[in-house]
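Student: Starting off with a structure, shown below.
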Amino acid sequence: MPDISMTALALLCVAALAAGWIDAVVGGGGLLLLPALLLGLPAGTPAAYALGTNKAVAIVGTSAAAVTYARRAPVDVRTAVRIGLAALAGSSAGAFFAAGMSTEVLKPVIMVVLLAVAAFVIMRPSFGTAPATGPAGPRRILAAIGLAGIGIGFYDGLVGPGTGTFLVLALTAVLHLDLVAASATAKIVNCCTNAGALATFAWQGTVLWQLACVMAVFNLAGGTLGARTALKQGSGFVRIVLLTVVFALVTNLAYEQWWA
């Protein structure tokens, strides 16, 4: 356990609870959890430990949310796992290229894309609120594997923030899912990508396991509660949270790009 105060530990646990809830509803919990770890760990702690511990915590809440969704929502687990394996390969490739590419160049592009997505969702109130149109055909599944799996997986390895939100949007658009079913599918995909990343961080020895175990309890509770909230409130509620997270992500990226 790192040498941190009880106050800092309590705040990290609260952040883990809130991040689990946000991530289960619509993705984007890392926007809260990772900055909390970067601020809460002792000064001078390498950022790799925050990244590794973040994955160890997040995978617990994501897995709990995935199980909750799978039990209570119509989720095509087979398709979700296929997309997840593609995302695992994509994220590995993205991590490989990350060392030689400046993410500062990509951040403004990502912000423009996110604002365009927000405008689309606002102008199309029915987006993601209509019931799913039935099982997806082979072409749509292949498109989802390419876009949501390889494409967004590559982004996750290269840059990272907002991956869960991008997954929800892509799965809604390509597979014609409602936002609740898209969130459920995204959780299974996230489990695959988080497992790959955690294995890498664990191999490198950059996971603070004792701290992660404490925070994971709260993240698990948040993930379970978030999934149940989304299932109970429906796609309209998820849509509101989605727009909130998109604007928070744009604000975070803008701060990192021009003011940090």
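The values are calculated or read from the model by the stated rules, or taken from the named source; none is laboratory data. On a predicted model such as this, the values are computed, not experimentally measured, just so you know. Quick reminder, even Gly has a Cβ in these numbers, built from the backbone with ideal geometry, and neighbours come from all protein chains shown. Ligands, DNA and RNA are excluded from the accessible area calculation, which covers all protein heavy atoms including side chains. Shrake-Rupley method; radii C 1.70, N 1.55, O 1.52, S 1.80 Å.
Student: Apply 1/(1 + (r/R0)^6) to the Cβ-Cβ distance of M123 and R78, taking R0 = 45 Å, and write down the FRET efficiency to the nearest 0.05.
Tutor: Calculated transfer efficiency: 0.85.
Student: Let me ask something additional. Suppose all protein chains stay in the model; what accessible area per residue would a 1.4 Å probe give for the chain, in Å²?
Tutor: Per-residue accessible area for the chain comes out at 46 Å².
Student: Something else now. Order the following by accessible area, largest value first: Y255, Y49, Y155. Probe radius 1.4 Å; ligands, DNA and RNA are ignored.
Tutor: Y255, Y49, Y155
Student: With a 1.4 Å probe and every protein chain left in place, tell me how much accessible area T251 has, in Å² to the nearest 10.
Tutor: Per-residue accessible area (T251): approximately 90 Å².
Student: Which part of segment 23-42 falls in the paramagnetic zone of V67, meaning amide N under 16 Å from the point 7 Å along Cα-to-beta-carbon?
Tutor: Of the residues in segment 23-42, 24 have backbone N under 16 Å from the label point off V67.
Student: Then there is this: In percent, what relative contact order does segment 146-215 have, based on Cα pairs under 8 Å that are 6 or more apart in sequence?
Tutor: Rounded, it is 23 percent for segment 146-215.
Student: What nm distance separates the two modelled labels at A254 and Q204, each placed 7 Å from Cα along Cα→Cβ?
Tutor: 3.1 nm
Student: Could you order I22, I152 by accessible surface area, starting with the largest, using a probe radius of 1.4 Å?
Tutor: I22, I152
Student: Let me ask something else about it. Suppose only helical runs count, i.e. DSSP H with n ≥ 4. What mean residue ellipticity at 222 nm does that imply for the chain under -39500 (n - 2.57) per run, divided by all residues and rounded to the nearest 500 deg cm²/dmol?
Tutor: For the chain, the value works out to -26500 deg cm²/dmol.
Student: Okay, next question. Once you have the Cα-Cα distance between I4 and R139, take 0.36 nm times their residue separation minus that, and quote the gain in nm to one decimal.
Tutor: 43.5 nm
Student: For L85, L12, write out the residues from largest to smallest accessible area, computed with a 1.4 angstrom probe and no ligands counted.
Tutor: Putting L85, L12 in descending order of accessible area: L85, L12.
Student: Calculate what fraction, in whole %, of the accessible area of segment 34-100 sits on carbon and sulfur atoms when a 1.4 Å probe is rolled over the protein chains.
Tutor: On segment 34-100, the fraction of accessible area on carbon and sulfur atoms equals 66 percent.
Student: Also, quick follow-up: Of the labelled options [x] 18.2, 57; [y] 17.0, 48; [z] 17.2, 53, which one gives Rg and Dmax of the Cα atoms in Å as computed for this structure?
Tutor: Correct label is [z].
Student: Report the gain in length on full extension from T244 to V14: 0.36 nm times residue separation, minus Cα-Cα distance, nm rounded to one decimal.
Tutor: Taking T244 through V14 to full extension adds about 80.8 nm, to one decimal.
Student: A further question follows. Helix hunt in the chain: which complete DSSP H runs extend at least 20 Å axially by C-alpha with mean Kyte-Doolittle at least 0.5?
Tutor: Span-like helices in the chain: 6-26, 47-72, 77-98, 103-123, 179-204, 209-233, 235-258.
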